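The values are calculated or read from the model by the stated rules, or taken from the named source; none is laboratory data. Source: prediction; values computed, not measured. All Cβ positions, glycine included, derive from the backbone under ideal geometry; neighbour counts span all protein chains shown. Please note that ligands, DNA and RNA were not included when accessible areas were found on the heavy atoms of the full protein model with its side chains. Shrake-Rupley method; radii C 1.70, N 1.55, O 1.52, S 1.80 Å.
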Amino acid sequence: MPMTSAERAEKPPTVTAPTDGGGIHVRSVSKVFPNGTTALEPTDLAVGEGQFVSIVGPSGCGKSTLLRIIAGLTPATTGECSMPTGSRRAFVFQDATLLPWRTVRKNAQLLLELEGFDKAERERRAAEALKLVSLEGFEKVYPRNLSGGMKMRLSLARALGLQPKLFLMDEPFSALDELTRETLQDELLRIWSSEGFTALFVTHNLYEAVYLSSRVVVMSARPGRIVADIDVPLPYPRTPDIRQAPEFNEVSAKVSAALRGGAVQ
């Protein structure tokens with residue numbers, strides 16, 4: 001039976017505290033659009049510095065809205081988000097959003113140009129980022145000559161050039177075939193492990209969320225609210241064969257049950 005507003009008010013969303021003084025703190029954040037649509041009910045969330053946390057939920061539940069509010073791309077109606085002073089944020093969209101008239105090297109430097117870095121620093125950081133995503137040797141290639149997976153690698157490199165402390169990703173692998181998607185999941189975990197940023201990752205794919213994350217946050221159908229915050233007690237580094245492990249299936253079942261429970265309002 002659907003929960004009433006009063007019942008939801010008596011059962012606030014789960015909040016897991018950061019492991020230290022850093023990370024992300026979301027307090028009573030909500031979003032009501034000008035047309036009156038409530039996309040996000042007052043939401044609390046805490047992500048510890050260096051954690052990899054995924055957000056899953058039905059289409060239209062407000063998970064991308066929450067991510068954009070944290071990124072500073074969309075204003076919240078109520079509440080606030082806080083993180084350590086000076087923490088640089090980088091955002092990766094579902095589409096690679098590359099500029100077709102710029103080479104791989106120049107696309108990788110775009111955000112650095114907008115941030116005002118000098119030429120030498122742009123070139124150094126872009127070269128390091130392209131190496132991180134295994135795009136060395138493609139610096140002079142244009143986006144039209146890249147595969148879908150390579151375009152997304154370039155999108156990741158463009159954001160990594162900022163050397164972010166907080167990496168926000170909105171379904172970056174959703175348009176890719178399964179094999180490419182799994183390959184990029186492994187690449188992302190490798191980069192996260194080496195760079196040590198805090199990662200917040202939105203996806204529709206619960207198995208992707210479990211494979212990548214130390215925690216999976218589950219949201220209900222619109223108006224979105226957090227209905228579960230599930231630990232993923234699987235050790236890093238993770239390899240593809242962990243997807244067949246009983247522990248992986250157990251956590252996936254918990255996430256699936258939470259998704260089904262929050263689907264009907």
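Our estimate of slack between Asp231 and Arg102, defined as 0.36 nm per intervening residue step minus the Cα-Cα distance, is 42.3 nm. Helix 178-195 axis versus longest C-alpha principal axis of the chain: approximately 80°, rounded to the nearest ten.
Helix 246-261 axis versus longest C-alpha principal axis of the chain: approximately 60°, rounded to the nearest ten.
Here the gap between Ala253 and Glu178, fully extended at 0.36 nm per residue and compared with their Cα-Cα distance, gives a gain of 25.0 nm. Pick out which of Lys119, Lys31, Lys165 has the largest mean-square fluctuation in a Gaussian network model of the chain, springs linking Cα atoms closer than 10 Å. Maximum fluctuation in the GNM of the chain, among the listed residues, is at Lys119. Computed over the chain with a Gaussian network model linking Cα atoms closer than 10 Å, the most mobile of Gly149, Gly48, Gly72 is Gly72. In the chain, the calculated helix contribution to ellipticity at 222 nm averages -10500 deg cm²/dmol per residue, counting -39,500 (n - 2.57) for every DSSP H run with n ≥ 4. Accessible area per residue (1.4 Å probe, heavy atoms of protein chains only) ranks His204, His25 as His204, His25, with the largest value leading. Orientation-averaged projection of the chain equals 15.0 nm² [convex hull of Cα atoms, one quarter of hull surface area].
Solvent-accessible area per residue in the chain equals 47 Å², computed with a 1.4 angstrom probe and all protein chains kept. The length gained by stretching the chain between Asn35 and Val141 to full extension, at 0.36 nm per residue less their Cα-Cα distance, is 33.8 nm.
Longer than 21 Å from Cα to Cα, which of Lys131/Lys165; Lys63/Lys151; Lys131/Lys151; Lys63/Lys254; Lys106/Lys131; Lys106/Lys165 are they? Say none if no pair is. Too far apart for the 21 Å limit: Lys63/Lys151; Lys106/Lys165. When a/c reaches 1.5 or more, the comparison of a/b and b/c decides; with that in mind, is region 141-219 rounded, prolate or oblate per its Cα gyration tensor? Judged from the Cα gyration tensor, region 141-219 comes out oblate (a/c at least 1.5, b/c at or above a/b). Annotation: Asp118 carries an accessible surface of approximately 100 Å², with a 1.4 Å probe and no ligand, DNA or RNA atoms counted. Dipole of the chain computed with +1 at Lys/Arg Cβ and -1 at Asp/Glu Cβ about the Cα centre; of Gly161, Ala120, Pro246, farthest Cα towards the positive end is Ala120. Under a Gaussian network description of the chain, with springs only between Cα atoms under 10 Å, the residue in Phe201, Phe33, Phe52 that fluctuates furthest is Phe33.
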